[in-house]
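Since the structure comes first, as structure tokens, the remarks are kept for the end.
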Amino acid sequence: MADTRSKGQDSLSEGGILSGCRIIVGVSGGIAAYKTPMLVRRLREAGAEVQAVMTANARQFVTATTLQAVSGRPVRDSLWDAAAEAAMGHIELARWADLIVIAPTTADTLSRLAAGRADDLLSTLRLASRAPVLLAPAMNNVMWDHPATRRNLRRLTEDGCTILGPDSGPQACGETGPGRMQEPEALFAAVRDCCLSIPSWGSLATPVRSTPHLDGLRGKKFLITAGPTREAIDPVRYISNESSGKQGYALASAALRVGGEVTLISGPVNIAPPVGAKTISVTTAQQMNDAVQAQLPATDIFIGVAAVADYRPAEKKDQKIKKLPGGEKGLRLLLVENPDIIAGVSSSQNRPFVVGFAAETQDALRNAREKRKRKGMDMIVVNDVANPDIGFNSEENAVAVIWHGGEEKLPQSSKAQLAEWIIDRIATCYVDQLAPANPESVAE
Ligand code: C5P
């Protein structure tokens, strides 16, 4: 098929990072479909051309009018729509797509895709296309855990599909557990990263993330910690925190987009690692520290985003701790200090450029300035977690960036957007030689 891509067709799609990328957004029939228009909108804002394709059941949850309005194209939903087929047949549409994302992918759609069915438009497009397929499952947690669903997921992964999520949490059915569709912003980031890694499309993409100072990060080795740590009390209990890993994963994506080589050391989270990052999963602060130390010799830029537990129980009991009789006395738990990972990196020989994060509930800026110096960081990013709408576990954040000789407040934005700005500021400082080779960066 002749390539008739046109960039910047309208105001929504002008000049974005996905300019000209052609994406089929499939929608199957689950309650999470009410969020899919947000994903479509984000893709369009980034410049992608989006064709929405609904299954028959999807119409129970979201209207074609909504999807048409946000995608700027009539929605396709049938193999037997003569007018639509005459304009662009389904095989042509399958060839048109650079990428197919199905959000939500219900248990039934997973099963039909795993079986290789082609009895409606969406399943047929998937079979008739060589484009990467991203699936964002959404279903009740018991359905998600069912062996049949596990089997379907295994088969789809073997067939080359990428599974995004799902998240864990409260569900529309009133239960709590894994099976929530990832939030539109997280899906957008995964789709965008996948698009940018497609060579046939990548060559047509606008190289948005390339300016002289960002070029200084190309090929640099990033080591990023993300998520919480868990410190075991006994076989079933642990100390942890609310960190979702979203900001660290967004930074890993942003570092990949400027051409960095990224190793992500992650505590337990419910989100998919960015395509292209080497991901090492850990549980405890000690394991995170060991993994960081092992990777350190090959690191140019270290970004410590993880919410590392400062303390761990002095011992992990082999057996579940029983409730004490006459409970008023309470239970004493002795905690011992964990290694400070970032301080260890800052004080290492041939240290990389070191960026830390700080979550503060009071005097955020003053505390962060002091922390940057105390821990020997080149840059610190501080967020005020006293505001419940931003920071831990939310989609948005508002931060200030502090480095040697400068400070900047970044406005409340998505974590993906903030990650791009932070990488931008790192590039400036790194290129300006505030890096380790320059003693000025630490001699304060
Ligand atoms: O002192 P505070 O925990 O607020 O410092 C936060 C920064 O230090 C984050 O960048 C976090 O990843 C890092 N940190 C660490 N090791 C610890 C505690 C925090 O690397 N044990």
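Tell me which residues, restricted to region 116-129, are basic (Lys, Arg) and closer than 15 Å to VAL101 by Cβ.
Here is the first cut: in region 116-129, the residues basic (Lys, Arg) are 117, 126.
ARG126 - this is the single residue of region 116-129 that is basic (Lys, Arg) and closer than 15 Å to VAL101 by Cβ.
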Looking only at region 151-177, which residues are under 19 Å from ALA33 (Cβ atoms), crowded, with 17+ Cβ neighbours inside 10 Å and more than 20 Å from the chain's Cα centre (by Cα)? GLN171
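So that you can scan it fast, the table gives a plain yes or no per residue for (1) farther than 21 Å from PRO228 by Cβ; (2) at pLDDT 95 or above; (3) in the same structural domain as THR283 (by TED's automatic domain parsing); (4) among the β-branched types (Val, Ile, Thr):
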| position | (1), (2), (3), (4) |
| --- | --- |
| ALA307 | no, yes, yes, no |
| LYS323 | yes, no, no, no |
| GLY327 | yes, no, no, no |
| ILE341 | no, yes, yes, yes |
| GLY344 | no, yes, yes, no |
| GLN349 | yes, no, yes, no |
| VAL354 | no, yes, yes, yes |
| ALA358 | no, no, yes, no |
| ASP363 | yes, no, yes, no |
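Inspect all residues belonging to region 358-380 and state whether any of them is near the ligand (Cβ under 9 Å from one of its atoms), part of a strand (DSSP E or B) and open to solvent by 40 Å² or more (accessible area, probe 1.4 Å). Spell out how you get there, then give the answer.
Narrowing region 358-380 to residues near the ligand (Cβ under 9 Å from one of its atoms): 358-360, 367-368, 371, 374-375, 377, 380.
Subset that is part of a strand (DSSP E or B): 358-360, 380.
After this cut, where a residue has to be open to solvent by 40 Å² or more (accessible area, probe 1.4 Å) as well, the list is 359.
Yes, region 358-380 has at least one match.
Quick one: is ASP424 modelled with pLDDT of 90 or more, more than 16 Å from the ligand (Cβ to nearest atom) and touching a His at 6+ places or on another chain (Cβ under 9 Å)? Spell out the reasoning first.
Working: modelled with pLDDT of 90 or more: yes; more than 16 Å from the ligand (Cβ to nearest atom): yes; touching a His at 6+ places or on another chain (Cβ under 9 Å): yes.
It is true that ASP424 is modelled with pLDDT of 90 or more, more than 16 Å from the ligand (Cβ to nearest atom) and touching a His at 6+ places or on another chain (Cβ under 9 Å).
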Examine region 340-351 for a residue that is under 16 Å from LEU410 (Cβ atoms) and within 9 Å of the ligand (Cβ to nearest atom), and state whether such a residue exists. no
Residue ID - farthest from SER240 (Cα to Cα), chosen from residues in region 293-310 that are more than 9 Å from the ligand (Cβ to nearest atom) and surrounded by 14 or more Cβ atoms within 10 Å (Cβ to Cβ): ASP300
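Surrounded by fewer than 23 Cβ atoms within 10 Å (Cβ to Cβ) and within 19 Å of the chain's Cα centre (by Cα): does that describe ALA46?
Working: surrounded by fewer than 23 Cβ atoms within 10 Å (Cβ to Cβ): yes; within 19 Å of the chain's Cα centre (by Cα): yes.
Yes: the conditions hold for ALA46.
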Filter region 93-111 down to the residues that are more than 21 Å from LEU43 (Cβ to Cβ) and open to solvent by 40 Å² or more (accessible area, probe 1.4 Å) and list them by number. ASP108, SER111
Among helices (runs of 4 or more DSSP H) lying entirely in region 55-154, which contain 3 or more residues that are more than 26 Å from CYS194 (Cβ to Cβ)? 82-87, 141-145
List the pairs whose first member sits in region 300-327 and is without any contact (Cβ under 8 Å) to a residue 12 or more places away in the chain, whose second member is assigned to a strand (DSSP E or B) and within 16 Å of the ligand (Cβ to nearest atom), and whose Cβ atoms are under 6 Å apart, counting only residues at least 6 apart or on separate chains? none
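Among the residues of region 119-135, are any farther than 28 Å from GLY20 by Cα, open to solvent by 40 Å² or more (accessible area, probe 1.4 Å) and free of Cβ contacts under 8 Å to residues at least 24 places away in the same chain? Show your work before the answer.
Initial filter on region 119-135 (farther than 28 Å from GLY20 by Cα): 119.
With open to solvent by 40 Å² or more (accessible area, probe 1.4 Å) added as a condition, the list becomes 119.
Restricting the remaining residues to those that are free of Cβ contacts under 8 Å to residues at least 24 places away in the same chain gives 119.
Looking through region 119-135, at least one residue is farther than 28 Å from GLY20 by Cα, open to solvent by 40 Å² or more (accessible area, probe 1.4 Å) and free of Cβ contacts under 8 Å to residues at least 24 places away in the same chain.
Could you list, in sequence order, all residues of region 410-421 that are of a type outside the set (Phe, Trp, Tyr), open to solvent by 30 Å² or more (accessible area, probe 1.4 Å) and either without any contact (Cβ under 8 Å) to a residue 12 or more places away in the chain or assigned to a helix (DSSP H, G or I) (or both)?
Quick first cut of region 410-421, residues of a type outside the set (Phe, Trp, Tyr) only: 410-420.
Next, only the ones that are open to solvent by 30 Å² or more (accessible area, probe 1.4 Å) stay: 411-412, 417, 420.
Residues satisfying the conditions are GLN417, GLU420.
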Inspect region 401-409 for any residue being under 29 Å from LEU187 (Cβ atoms) and either part of a loop (DSSP other than H, G, I, E, B) or within 10 Å of the ligand (Cβ to nearest atom) (or both) and give the result as yes or no. no
Please find, within region 243-268, the residue that is nearest to the ligand (Cβ to nearest atom) out of those that are β-branched (Val, Ile, Thr) and touching a strand residue (DSSP E or B) at 6+ places or on another chain (Cβ under 7 Å). ILE265
Got at least one residue in region 223-235 being away from the ligand (no atom under 13 Å from the Cβ), at pLDDT below 95, closer than 24 Å to GLY344 by Cβ and in contact with a Phe, Trp or Tyr (Cβ under 8 Å, 6 or more places away or on another chain)? no
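How many residues does region 322-338 contain that are within 16 Å of the ligand (Cβ to nearest atom) and either of a type in the set (A, V, I, L, M) or open to solvent by less than 40 Å² (accessible area, probe 1.4 Å) (or both)? Talk me through it step by step, then tell me what you get.
Of region 322-338, the ones within 16 Å of the ligand (Cβ to nearest atom) are 335-338.
Add one more test, that the residue is either of a type in the set (A, V, I, L, M) or open to solvent by less than 40 Å² (accessible area, probe 1.4 Å) (or both), and what stays is 335-336, 338.
Of the residues in region 322-338, 3 are within 16 Å of the ligand (Cβ to nearest atom) and either of a type in the set (A, V, I, L, M) or open to solvent by less than 40 Å² (accessible area, probe 1.4 Å) (or both).
For region 277-308: of the residues being under 16 Å from ALA343 (Cβ atoms) and assigned to a strand (DSSP E or B), which is farthest from the chain's Cα centre (by Cα)? Steps first, answer last, please.
Here is the first cut: in region 277-308, the residues under 16 Å from ALA343 (Cβ atoms) are 285-286, 288-290, 292-293, 296, 299, 302-308.
If we keep only those that are assigned to a strand (DSSP E or B) too, we end up with 302-304, 307.
Working: PHE302: 18, ILE303: 16, GLY304: 16, ALA307: 16 Å.
It comes out as PHE302.
Okay, residues lined up against (1) in contact with a Lys or Arg (Cβ under 6 Å, 6 or more places away or on another chain); (2) surrounded by fewer than 21 Cβ atoms within 10 Å (Cβ to Cβ); (3) at pLDDT below 90; (4) among the aliphatic types (A, V, I, L, M):
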| site | (1), (2), (3), (4) |
| --- | --- |
| ASP145 | no, yes, no, no |
| GLY179 | no, no, no, no |
| GLU185 | no, yes, no, no |
| SER203 | no, yes, yes, no |
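The values are calculated or read from the model by the stated rules, or taken from the named source; none is laboratory data. A quick note: this is a predicted structure, and the numbers were derived from the prediction, not measured. Glycine also receives a Cβ, built like all others from the backbone with ideal geometry; neighbour counts cover every protein chain displayed. All accessible areas refer to the heavy atoms of the entire protein, side chains included, with ligands and DNA or RNA removed. Shrake-Rupley method; radii C 1.70, N 1.55, O 1.52, S 1.80 Å.
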